[in-house]
1. Between residue 91 and residue 79, what is the spin-label point distance in nm, taking each point 7 Å from the Cα along the Cα→C-beta axis?
2. Hull surface divided by four, with the convex hull built on the Cα atoms of the stretch 2-99: how many nm²?
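Derivation of every value follows stated rules applied to the coordinates shown; laboratory data play no part. No experiment lies behind these values; they were computed from the predicted model shown. Backbone-built Cβ (ideal geometry, glycine too); neighbour counts: all protein chains shown.
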Amino acid sequence: MRRVRSNPGSWQTCCSSGRRVLVGFARAVGDAALVATLHDVAVLPELQGLGLGRSLLVRLLRQLDASGIVDVGLLAPDASRGFFAACDFGRDTEESTVMTLSGPGVAARRGQPLRGMAVHLKGPAQAQWLQHL
C-alpha cells in the first residue's frame with residue numbers, strides 16, 4: 001500500500017499487486033482543518049473479503065488523524081453499510097439529513113448564475129451549459 005500525493009484537503013491511499021496493477025484505493029476530501037468526507041473505498045471484486053478494504057480505510061483514517069481531522073463522514077449505499085459498520089462507522093449523532101444538489105443546472109437558479117459566481121466556459125462546454133439555462 002502507498003499514499004498517493006494529493007492536494008491539501010484531499011487524501012488518498014492505494015494498493016497494487018506485485019504486477020503493479022491497482023487492486024484497491026480509498027479517498028477522502030475535506031477542509032484540511034477539521035472535517036472530511038470519505039468518498040471511496042474500492043477493491044477489485046475478486047479480492048473483496050480479504051481485508052484489503054479495511055486496511056485501506058485504516059491507513060486513510062490514520063492520514064486524516066495525522067492531519068488534525070476530527071470528524072469523518074460518508075454516504076454509504078445500502079450494499080456497503082455492513083462494511084462501514086464493521087469498521088466502527090455509525091449513524092450521525094446530530095441526526096443530519098442528507099441533501100444533495102446535482103444535475104446540469106447546479107450553478108443556476110431560475111436561469112441566473114448564483115450570486116458572486118463567475119462562469120468562464122468556452123466552446124462545447126459553454127454550449128452544453130447554456131442549453132440547460
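1. The modelled label-to-label distance comes out at 2.5 nm.
2. Details: hull surface 27.6 nm².
Approximately 6.9 nm², given one-decimal rounding.
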